[in-house]
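Remarks on the structure that follows.
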Amino acid sequence: MHELSLCEHIRDMLEEKVRTDGFAHVNRVWLEMGPFSCVDPEALRFAFAIAMHGTVVENATLQIDTVPAEARCLACDKEATMTQLGDPCPHCGETALHTVGGDDLRVSRIEVV
């Protein structure tokens, strides 16, 4: 389960932020996740609770926001939004799309005390 190692990395990053900025506790963490990130949201929530146990992030609420992937159609050269691989171009119907992003997982915001 690679979600656990992802959450351990997030925990380390948050603990460093708390240390350097002098916060006492993290209340909420917002993650932006692309549809091609290969991360299962439920497994991520489970791993988050495990990885944060015993830390200043232990009782933080995890908010996962799915962000769409952007793509450029190779047939009509227009930009489109994709939610899954194989989506056709909404402009011409072709499926030859070059994705730009959509595989990201990033902390977008934190709420601290």
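For the range 80-98, the count of residues that are under 15 Å from Leu14 (Cα atoms) and aliphatic (A, V, I, L, M) is zero. When the range 3-32 is filtered for residues that are of a type outside the set (A, V, I, L, M, F, W, C) and touching a residue at least 12 places away in the same chain (Cβ under 8 Å), the ones remaining, listed by number, are Glu3, Glu8, Arg11, Glu15, Lys17, Asp21, His25, Asn27, Arg28, Glu32.
Could you go through the range 96-111 and let me know if any residue there is under 30 Å from Phe23 (Cα atoms), basic (Lys, Arg) and in contact (Cβ under 8 Å) with a residue 12 or more places away in the chain.
As a first pass, look at the range 96-111 and keep what is under 30 Å from Phe23 (Cα atoms): 104-111.
Remaining after also requiring basic (Lys, Arg): 106, 109.
Those still in the list that are in contact (Cβ under 8 Å) with a residue 12 or more places away in the chain too: 106, 109.
The answer is yes; a qualifying residue exists.
When residues in the range 44-77 are screened for being under 12 Å from Leu31 (Cβ atoms) and among the charged types (D, E, K, R), 2 of them pass.
Throughout, read-outs are computed from the coordinates displayed, never taken from laboratory work. Everything numeric in this text was worked out from a predicted model, so none of it was measured. Glycine gets a Cβ as well: all are built from the backbone with ideal geometry, and neighbour counts include every protein chain shown.
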